[in-house]
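To start, the structure itself, in structure tokens.
Taken together, the values in this text are just the output of simple stated rules run on the coordinates, not laboratory data. As the structure is a prediction and not an experimental result, all values here were calculated from the model. Glycine gets a Cβ as well: all are built from the backbone with ideal geometry, and neighbour counts include every protein chain shown.
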């Protein structure tokens, strides 16, 4: 029988929630890495027992962990065990170093600071780890300050794909409220050379050559909070989602506006329709219905909690514009949590399961595509990320 | 033998207790002590000093003998009591939250 494994990153550790295919009874494992901010955990599609985790701290910096047994045991993949006497130390799996100009040896570029002045790139943390669809040892790390790194040796060493920062618009990128983070990466399952990424606040970008070169894909986005609302870059994209069978169709939750593109990001149209607010962070696509999408509308600016104290998921079965509210099992009174951008995921069981985590420490699951919801857990630390693995 | 006290998060990361003891060759400075610490416990690389600049991470401070040594040169000799092993070299997380 199929199983489901939900990987939850929180402000104070990681948790692994497992259930059989009925998704009624759950086992909770954790906290793993107690006390550390666990920004993201994700399993390899090619080897589900290989899981990568981003462990971070404002005090002690970035650590990468990996597991080869589905999260039962963990190791730092650089081999950071006690070295034998006289052996060279390793310890490079947490080393993220930005490329410099090969000609001058100086930083590739600067970016815009909050006040509009130019500011040097400074590595803060890994927001999201995206394992390759085909190779368990290849994994992408998207980081703050915005940059893309790749490892091809199981996260032992990392190398920047600096064509992104170096392609020319870097000096126009600026930090959003969460810092200048590259937070979203989407790999095209039909074309290994095509990668999408999104940055707050720069916008969306596409590569057609495996990450070597990049093109901004923000035509159609409008952002009133930047001097030119239709600028080529500068948009605060919160999340992009794609269905694996429709790689040219992208859905976006922007700082304001829910958008879709039917041409791989070359142009975007707003599909916010009848949402109570078109601000939010998460967006995801049903595992078997490419036009069924989910968002969690959030009140803004600044409040960042559900409108009217009611936690509601909205589902569109038409790829946007027409939305229905999903409330059964969700708190409809006095609820003031947020759902952060990496905190929604779907499983691929026959009746698609949908999951999301809140800053109040709840992880909600729906085993019927959103019709009804129940909390798997309700007292975790603030949830930063949720990923789901469907296991045979 | 040089004694180094670690903050809680780094103890769990390195799987050690509050204090570790290190053999340090040559002059006893912040740099030589931290080099020896990272060589013995490579998982601590990048957690105390930046990988590239080798500067102290901003939310960490160094103390010994009731003195704040955070802003001393990394190559300045540490107090004799640290060099002799009488007193530990303290690595402390800033009080701001945690």
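Between the alpha-carbon centres of region A:244-306 and region A:369-392 there is a gap of 20 Å. Distance between the pseudo-spin-label points of residue A:245 and residue A:27 (7 Å out from Cα toward the beta carbon): 3.3 nm. Legend: mean number of C-beta atoms from other chains within 10 angstrom of residue C-beta atoms, peptide B:35-46, equals 6. What the Cβ-Cβ distance of residue A:350 and residue A:190 gives, at R0 = 22 Å and to the nearest 0.05, is a FRET efficiency of 0.40. In a fully extended conformation the segment linking residue B:70 and residue B:18 would gain 16.8 nm over its present Cα-Cα distance, using 0.36 nm per residue. Across peptide B:48-54, the average count of Cβ atoms from other chains found within 10 Å of a residue's Cβ is 3.
Put in order of Cβ neighbour count within 10 Å, fewest first, the listed residues A:121, A:127 become A:121, A:127.
Each residue in A:111, A:235, A:167 was given a count of other beta-carbon atoms within 10 angstrom of its own, and listing them fewest first yields A:167, A:111, A:235. Can you work out the FRET efficiency for the pair residue A:301 and residue A:371, with r the C-beta to C-beta distance and R0 = 45 Å, to the nearest 0.05? Calculated value: 0.90.
Report note on the peptides B:59-65, A:336-342, A:158-164: ranked by the mean count of other C-beta atoms within 10 Å, highest first, their order is A:336-342, A:158-164, B:59-65.
For labels at residue A:122 and residue A:1 in the simple 7 Å Cα→Cβ model, what's the distance in nm? Those two pseudo-labels are separated by 5.2 nm.
Just how far, in whole angstrom, is region A:313-330 from region B:1-39 if you go by their alpha carbon centroids? With region B:1-39 and region A:313-330 each reduced to a Cα centre, they are spaced 55 Å. Shielding value for A:92-103 is 2, the average number of Cβ atoms from other chains within 10 Å of each residue's Cβ.
Neighbour counts of C-beta atoms inside 10 Å place A:236, A:335 in the sequence A:335, A:236, starting with the fewest. Would you give the gap between the C-alpha center of region A:132-150 and the C-alpha center of region A:181-242, rounded to a whole Å? Distance between centres, Cα-based: 16 Å.
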